[in-house]
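Contents: one structure, followed by commentary.
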Amino acid sequence: MKKKKLLLVDDDPDFLQDLSFLLQDNYECLTAQNTADALVLIQNENPQAVLLDLMLGDENGLETLDK
């Protein structure tokens, strides 16, 4: 069975690595550390869900959600 894609967005690379490790058995985890990369991955990879940090370094996560 093909794993569903999950996009993890956080400006802390260690947190992204740890969370990806925890979820990798059930999901294909994509990661982004900023808004621009997250939006590109959403358009190109079409993930089924996005886990988005509200306190991103370059932008508020709610602003990213609006885009």
| task | Would you mention how many residues in the range 21-40 are surrounded by fewer than 18 Cβ atoms within 10 Å (Cβ to Cβ) and closer than 24 Å to LYS67 by Cα? | result | 6
| Within the set of pairs 6 or more residues apart or between chains, which connect a residue that is closer than 15 Å to ASP11 by Cβ inside the range 38-60 to a residue that is among the aromatic types (Phe, Trp, Tyr) with Cβ atoms less than 9 Å apart? | ASP53/PHE15
| field | Cβ pairs under 6 Å, 6+ apart, first in the range 1-28 and of a type in the set (Asp, Glu), second surrounded by 14 or more Cβ atoms within 10 Å (Cβ to Cβ) | value | ASP10/LEU16; ASP10/ASP53; ASP11/GLN33; ASP11/LEU56; GLU28/LYS5
| field | Hits in the range 1-10 - residues which are at pLDDT below 95 and surrounded by fewer than 17 Cβ atoms within 10 Å (Cβ to Cβ) | value | MET1, LYS2, LYS3
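The values are calculated or read from the model by the stated rules, or taken from the named source; none is laboratory data. As the structure is a computational prediction, the values presented were derived from the model and not from experiment. Every residue, glycine among them, receives a Cβ derived from its backbone with ideal geometry; neighbour counts consider all protein chains shown.
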